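Structure, as structure tokens:
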Amino acid sequence: MIKFLILIIVIGLSADYPAILFLAIFYFAYRFLMKKKKRKTGIASFTDMVRKRRDPFAKDAIVFSINELSKMGILMAIPRPVIKDWAIRSISSDDRDAVSVDEIRQYLPRMTKRDAYYLASSIQNTCRVYWDLKDAINAGCTHYIWKAGTDAQHRHMNNVVCPLNEPIPEYIVKDSSMHGSIYAGEGYHCLCWIAPVISDLDAPPSPIRIYENGAIKKISKREFVRRCVPNK
């Protein structure tokens, strides 16, 4: 409000004192540029902080990513050095274009641009599952809830409570694009994500289903809290 009143006064005086208008324009332009610079600096600082925190686990992340990508059937014909390169770039950056559509179509020339876009996204998301798991474990979590969202192929997995230290077997997930046990968020066209269990408020709707010992079982909310919610 005060800035608005000052602006009205400056405009009123500008006819008799043009220098005042010039100074006002300079002031507001300077404030705008400084805010923009601070915003960019803040984002850069946060990104650097995240990368610094991840650096000690980079090798493990690469091994994990290569292993998970090797389960994606559509990538079977891609040379392993290329898969490794894609894995390194995907876990080293949060950019959407860590792997490009043109690169995908270089090895899968019959694939449409639309499908290549989805595959590039699937590669990146599959690799970055490592960081989701790592962050959840570092927060003291032992379980996560598989969230399927709009993912039709994994709808039957929605709200299943899963252990962080064990991927879900192929016969449970029933994803024909993947060969082997996987975590939420992995696979071609997968739109799922990991929701770490932090408190009793994270309990999924009843009946609560949990994966353990090779099968999905039903448990009570009390049992969910006792077994899945980390002790603080």
Self-check item: 3J(HN,Hα) from dihedral phi, the stretch 212-217, Karplus parametrisation 6.51/-1.76/1.60, rounded to Hz, x for glycine, proline
Solution: 6, 6, x, 8, 9, 10
Quiz prompt | Dipole magnitude (debye, nearest 20) for the stretch 54-95, charges at Cβ of Lys, Arg, Asp, Glu | solution = 200 debye
Quiz item: Thr142 versus Ser92, label points 7 Å from Cα toward the beta carbon: distance in nm?
Solution: 3.7 nm
Practice problem: In whole Hz, with x marking every Gly and Pro, tabulate ³J(HN,Hα) for the stretch 225-231 from phi via Karplus 6.51 cos²θ - 1.76 cosθ + 1.60, θ = phi - 60°. | Solution: 5, 5, 9, 10, 8, x, 7
Quiz item: Under 5 Å between amide H atoms, partner at least 5 residues away or on a different chain: which partners does Val160 have, H built in plane at 1.01 Å?
Solution: Trp146
Practice problem: Be a star and scan the stretch 83-109 for residues whose amide nitrogen sits under 12 Å from the point 7 Å along the Cα-to-Cβ vector of Ala77. | Solution: 105-109
Exercise. Please list, in chain and number order, the residues 5+ apart from Ile208 or on another chain whose amide H is under 5 Å from its amide H, with Hs placed from the backbone.
Key: Ile219
Quiz item: Expressed in nm to one decimal, what extension gain is obtained for the pair Asp85 and Arg226 from 0.36 nm per residue of sequence separation less their Cα-Cα distance?
Solution: 46.5 nm
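Beyond a 32 Å Cα-Cα separation, which of these cross-linked pairs lie in this structure: Lys71/Lys113; Lys113/Lys174; Lys71/Lys147; Lys52/Lys218?
Lys52/Lys218
Given R₀ = 25 Å, FRET efficiency for Lys218-Asn67 by Cβ-Cβ distance, to 0.05? Working shown, then result.
Values: r = 31 Å, r/R0 = 1.25.
Using R0 = 25 Å, I get an efficiency of 0.20.
So with the 1.4 Å probe, I'd like the accessible area per residue for the stretch 84-166, rounded to whole Å².
49 Å²
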Quiz item: Where the accessible area of the stretch 163-221 is counted over protein heavy atoms with a 1.4 Å probe, how much of it, in %, is carbon and sulfur?
Solution: 56 percent
Quiz item: For Ser181 and Leu108, FRET efficiency with R0 = 30 Å and r from the beta-carbon atoms, rounded to 0.05?
Solution: 0.75
Exercise. Show the residues, 5+ positions off or on another chain, whose built amide H is closer than 5 Å to the amide H of His189.
Key: Ser122
Quiz item: Fully extended, how many nm does the chain gain between Ser100 and Arg53 (0.36 nm per residue separation, minus their Cα-Cα distance)?
Solution: 14.3 nm
Quiz prompt | In order through the stretch 147-153: 3J(HN,Hα) via Karplus (6.51 cos²θ - 1.76 cosθ + 1.60), integer Hz, x for Gly, Pro | solution = 9, 8, x, 9, 6, 5, 5
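The values are calculated or read from the model by the stated rules, or taken from the named source; none is laboratory data. Fair warning: this is a prediction, and the values are worked out from it, not measured in the lab. Every residue, glycine among them, receives a Cβ derived from its backbone with ideal geometry; neighbour counts consider all protein chains shown. The accessibility values were calculated without ligands, DNA or RNA, using every heavy atom of the protein model including side chains. Shrake-Rupley method; radii C 1.70, N 1.55, O 1.52, S 1.80 Å.
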